[in-house]
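Presented below is the structure to which this report refers.
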Amino acid sequence: MLKYALILALLVVLANCNEEDVQAQLVKSENHQNLDGAGQFEHEITVTNGIQIKAHGNVNGIQGEYFLPGEDGKQIRVTYTADATGFHPKVEE
């Protein structure tokens, strides 16, 4: 389930790409696994085009957020949880 939620989040980011995004560069990429010996993880990505992704959780579920640049220049924030009941996003513009 965890893999599917992260893949879905990345697909959303890729679906919003344009020509300027092709030139974007990775600024930060951190991935910490098994932090407490019980499957805890933290993940963070930042890109020069304004895309930012953060997630943390364990084998039972994850919580995260990502920011996408909107067409009007304002950032769109999506927070989410993913667990045995599914992927639950909340969009804030």
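The values are calculated or read from the model by the stated rules, or taken from the named source; none is laboratory data. Please read all numbers here as calculations on a predicted model, not as lab measurements. So basically every Cβ, Gly included, is an ideal-geometry build from the backbone, and we count neighbours across all protein chains shown.
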Quiz item: So which pairs qualify, if the first residue must be in region 60-89 and surrounded by 16 or more Cβ atoms within 10 Å (Cβ to Cβ), the second must be among the polar types (S, T, N, Q) and not in a strand (DSSP E or B), the Cβ gap must be under 9 Å, and the two must be at least 6 apart or on different chains?
Solution: Leu68/Asn16; Pro69/Asn16; Pro69/Asn49; Ile76/Asn16
Quiz item: Taking region 47-59, which residues are surrounded by fewer than 16 Cβ atoms within 10 Å (Cβ to Cβ) and modelled with pLDDT of 90 or more?
Solution: His56
